[in-house]
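Peer 1: Dropping a structure here in structure tokens format, bear with me for questions.
The values are calculated or read from the model by the stated rules, or taken from the named source; none is laboratory data. What you see is a predicted model, and the numbers here were worked out from it, not measured in a lab. Neighbour counts run over all protein chains shown; Cβ positions are idealised from the backbone, glycine included. SASA here: full protein model, heavy atoms, side chains in, ligands and nucleic acids out. Shrake-Rupley method; radii C 1.70, N 1.55, O 1.52, S 1.80 Å.
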Amino acid sequence: MRARYGVPLGITAVGTAGLIYAAGIEPRSFRLRRVTVPVLPSGMRPLRVLQVSDIHMVGGQRKKQRWLRSLAGLRPDFVINTGDNLSDPEGVPEVLDALGPLMEFPGAYVFGSNDYYGPRPRNPARYLLEKVQGRHGLNGNPPVVAALHNPWEDLRDGFDAAGWQNLTNTRGSLKIEGVSVELTGLDDPHIKRDRYAEVAGGPSGTADFSMGVVHAPYLRVLDAYTADGYPLILAGHTHGGQLCIPFYGALVTNCDLDTDRVKGLSTHTSQGHTAYLHVSAGCGANRYTPFRFACPPEATLLTLVGREG
């Protein structure tokens, strides 16, 4: 009896424990990633940038809201929000409340597809299938029909009222204690709203430092930013793979970026230029797939310092 049923019961117990952990524990185990990036001109003072991404707020997520509010204690020089704030059409007030203390600092934002459209139930296996077929978002897939529209205008108005720069296919600038920072942003490439031609040309040359900001790190966007001479690009969208294999890593990125760069700091090369790329694993998940495994939710404090050499 024990030999016959012991192993299947053991496998079932391990699977159940893994599901409980992936659904109930890790998604609430918020972490702060700290990264140093040598991108500033020589002699310029360091800049501390807090990146928040992929909040995917659902009503009642009190621990996430408290954790986001606590990040203001880091006292960053400025904040970059790389999109997908919502996973609930009623979530705008809770997003604005959670980010309220951070909006006391200079900041800027771009939106992701989940800011514009509500989520729908989806088989996670489709991400693997789309990876094999080279299809991601609207890039190769048919347009979404009968999508639920989120009140993104209310979110935009709240960010704008706080003084954050809207980087939707445009340029913005921040003044940090006498240092001018130029920000070039794009709307979400995952749903083909990016319009790089409207911001092309590279850094203006009038700012002390310039960087690119986008939600989804599609290669066409990374190539364009890098070829134009931007030394740093910030993105989100990937959730770090969300469901990862321990000691192996992510299986998918939900875009055409390779899994080796699914989260954290890496580099990207295009037309003889090299840029640093930081992809946030984000601090949330789609409300219909609220799981994380071997990929804790995060925000990142990037310390930008002078270039080596």
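Peer 1: Just name the residue that is surrounded by the most Cβ atoms within 10 Å (Cβ to Cβ) out of those in the range 100-110 that are in contact with a helix residue (DSSP H, G or I) (Cβ under 6 Å, 6 or more places away or on another chain) and in contact (Cβ under 8 Å) with a residue 40 or more places away in the chain. Full working, then the answer.
Peer 2: The initial filter retains those residues of the range 100-110 that are in contact with a helix residue (DSSP H, G or I) (Cβ under 6 Å, 6 or more places away or on another chain), namely 101-102, 109.
Add one more test, that the residue is in contact (Cβ under 8 Å) with a residue 40 or more places away in the chain, and what stays is 102, 109.
Details: LEU102: 23, TYR109: 27.
This residue is TYR109.
Peer 1: Which residues, counting only those in the range 85-98, are open to solvent by less than 20 Å² (accessible area, probe 1.4 Å) and without any contact (Cβ under 8 Å) to a residue 60 or more places away in the chain?
Peer 2: Passing the criteria: GLY91, ALA98.
Peer 1: Quick one: which of ASP187, ASP194 is free of Cβ contacts under 8 Å to residues at least 60 places away in the same chain, open to solvent by less than 50 Å² (accessible area, probe 1.4 Å) and acidic (Asp, Glu)?
Peer 2: Numbers: ASP187 fails: free of Cβ contacts under 8 Å to residues at least 60 places away in the same chain.
Only one candidate qualifies: ASP194.
Peer 1: Could we say that VAL145 is without any contact (Cβ under 8 Å) to a residue 40 or more places away in the chain, more than 18 Å from THR253 (Cα to Cα), of a type in the set (A, V, I, L, M, F, W, C) and open to solvent by 30 Å² or more (accessible area, probe 1.4 Å) here?
Peer 2: Working: without any contact (Cβ under 8 Å) to a residue 40 or more places away in the chain: yes; more than 18 Å from THR253 (Cα to Cα): yes; of a type in the set (A, V, I, L, M, F, W, C): yes; open to solvent by 30 Å² or more (accessible area, probe 1.4 Å): yes.
Judged against the criteria, VAL145 is a match.
Peer 1: Just wondering, is there one or more residues in the range 115-125 that are under 22 Å from HIS278 (Cα atoms) and either touching a residue at least 12 places away in the same chain (Cβ under 8 Å) or open to solvent by less than 10 Å² (accessible area, probe 1.4 Å) (or both)? First the steps, then the outcome.
Peer 2: So the first thing to find is which residues in the range 115-125 are under 22 Å from HIS278 (Cα atoms), and the list is 115.
Still in the list and also either touching a residue at least 12 places away in the same chain (Cβ under 8 Å) or open to solvent by less than 10 Å² (accessible area, probe 1.4 Å) (or both): 115.
For the range 115-125, residues under 22 Å from HIS278 (Cα atoms) and either touching a residue at least 12 places away in the same chain (Cβ under 8 Å) or open to solvent by less than 10 Å² (accessible area, probe 1.4 Å) (or both): present.
Peer 1: Something else: Taking the criterion of being closer than 21 Å to ALA23 by Cβ, surrounded by fewer than 21 Cβ atoms within 10 Å (Cβ to Cβ) and of a type in the set (S, T, N, Q), would at least one residue in the range 248-256 satisfy it?
Peer 2: yes
Peer 1: If you go through the range 148-182 one residue at a time, how many are open to solvent by 60 Å² or more (accessible area, probe 1.4 Å) and within 18 Å of ARG220 (Cβ to Cβ)?
Peer 2: So the answer is 0.
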